[in-house]
Amino acid sequence: MSKFQKLFKKNYSNSKTTDKISGTSGFLRINISICVFIFFAAVAYLSQVNGLANLSYSVQKLEQEANKIETANTKLLLEAAKLQSITEIKKASIELGLVEVDKIIYIDHNDLTIAIVK
């Protein structure tokens, strides 16, 4: 074997070994990269699911509060309607000692209107 053949054989055999090592190394790098990507994707997914669960809980509490306020509003409207009824007004005027007016006289003086009862 000549020197050239020995050198070629030596370089050729070294390149095969390096290719095998770098090929394995490249495959390992790809696997690690995929695993890291999957890990971060899972963390992102879990954080989004957790955020949605918290948001859903907040919406549910706000809906309950809105229902309570709506019920209270309905009760207040019914009470206001009852208090504004004619029978309630007459009853309150009797309790306060108010008298019904027969005749009202209005006096106008410089854009000031005054009512006098006689």
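Can you find a residue in segment 69-81 that is of a type in the set (D, E, K, R), modelled with pLDDT of 95 or more and assigned to a helix (DSSP H, G or I)?
Yes: one or more hits.
Among ASP108, ASP102, which is the only one that is assigned to a loop (DSSP other than H, G, I, E, B) and over 36 Å from the mean Cα position of the chain (by Cα)?
ASP102
Quick one: which residue in ILE21, ILE34, ILE38 is at pLDDT below 90 and either of a type in the set (A, V, I, L, M) or loosely packed, with under 10 Cβ neighbours inside 10 Å (or both)?
ILE21
With respect to ALA92, determine if the residue is at pLDDT 90 or above and part of a helix (DSSP H, G or I).
Considered against the rule, which asks whether it is at pLDDT 90 or above and part of a helix (DSSP H, G or I), ALA92 comes out as no.
The values are calculated or read from the model by the stated rules, or taken from the named source; none is laboratory data. Predicted model, so just to flag it, every value in this text is computed and none were measured. Neighbour counts run over all protein chains shown; Cβ positions are idealised from the backbone, glycine included.
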